[in-house]
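Written below as structure tokens is the structure these notes are about.
Any read-out appearing in this document is the output of simple, stated calculations on the displayed coordinates, not a laboratory observation. Fair warning: this is a prediction, and the values are worked out from it, not measured in the lab. Please note: Cβ atoms are built from the backbone with ideal geometry, for glycine as well, and neighbour counts cover all protein chains shown.
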């Protein structure tokens, strides 16, 4: 009997690696969801491969922590659509803190959902990318009680909003009393200083137990979140993927929980989301990662041959 077209396609897909099957699933499910062509190019396919490795890595971490999550008990259709959004915006699973895959058990579905949560580096990346006004860079700094910090507001005497920041005791700066971000636009007349005070940090810390162990690093991440949240996005280029990431970003990590999440899910996300810590010196406040930009270092998440342990879709 001659092989049918469906049988040929099935045989072809079975020969693909797990990462290739993941890409096929993302394209197929999103086209069914949106009734449109995804038009994945080579860059998107590379990002899909990186995201697959990131998700598989984070699933294995969750298993090591005692969770019974596997590729077989995940809502794959939802994951496929969410993955498309992450890929189309340009977040890269190989760049530290671009995106995290957080498994949590959904009591309503009786299976696991994977929350693809933008990290602080990823948030900085896509908010600048989709800004209504082109941004050159954003400077982020925590302010300690021995520092000298002054905001210079735009007024009749100052054409550009700016600041003065002096570190008076670089090796013994004391305690964090706040932070600021300076958004540098291509049009300098739009430059803004965004401040976050200690009370704001304390408020977030109460809702997230991870803060007790990594207080300074979490203050820095919260600062990035607060500053990028002030960026006005361009309505002409913002799409469903950006809106989806903004929605995910409001779940859990900063205590802003969506109403449709169960209590168990809330606690898991609050505890585990985005917990890749920075190499941070609590005495000097220095972030050894340098500027928030990252690089595609594949040493941590090496591509593996398909050993059958990946998703069976």
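Structure data summary
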{"quantity": "Separation of the residue 145 and residue 207 label points, Cα + 7 Å toward Cβ, nm", "calculated": "2.7"}
{"quantity": "Ordering of 234-246, 173-185 by packing [mean C-beta count within 10 Å, highest first]", "calculated": "173-185, 234-246"}
{"quantity": "Order by protection proxy (mean Cβ within 10 Å, highest first), peptides 114-120, 104-110", "calculated": "114-120, 104-110"}
{"quantity": "Spatial separation of Cα centroids for the range 181-238 and the range 74-137, in angstrom", "calculated": "18"}
{"quantity": "Cα pair distances of the range 199-238 binned at 10 Å [whole percent]", "calculated": "27, 42, 18, 13, 0"}
{"quantity": "Label-point separation, residue 17 to residue 32 (7 Å along Cα→Cβ), nm", "calculated": "2.5"}
{"quantity": "Projected label distance in nm at residue 240 and residue 111, using a 7 Å step from Cα toward the beta-carbon", "calculated": "2.0"}
{"quantity": "Per-peptide average of other Cβ atoms within 10 Å, ordering 87-98, 154-165 highest first", "calculated": "87-98, 154-165"}
{"quantity": "Relative contact order (percent, whole number), the range 5-121, Cα cutoff 8 Å, 6+ residue spacing", "calculated": "25"}
{"quantity": "Fully extended contour minus Cα-Cα distance, from residue 168 to residue 189, at 0.36 nm per residue", "calculated": "4.6 nm"}
{"quantity": "Compactness of the range 106-153 as Cα Rg over 2.2 N^0.38 Å, two decimals", "calculated": "1.94"}
{"quantity": "Calculated FRET value between residue 197 and residue 61, using beta carbons and R₀ = 30 Å, to 0.05", "calculated": "0.30"}
{"quantity": "Nearest-0.05 FRET efficiency for residue 41 and residue 129, computed from C-beta distance (R0 22 Å)", "calculated": "0.85"}
{"quantity": "Calculated FRET value between residue 177 and residue 214, using beta carbons and R₀ = 22 Å, to 0.05", "calculated": "0.75"}
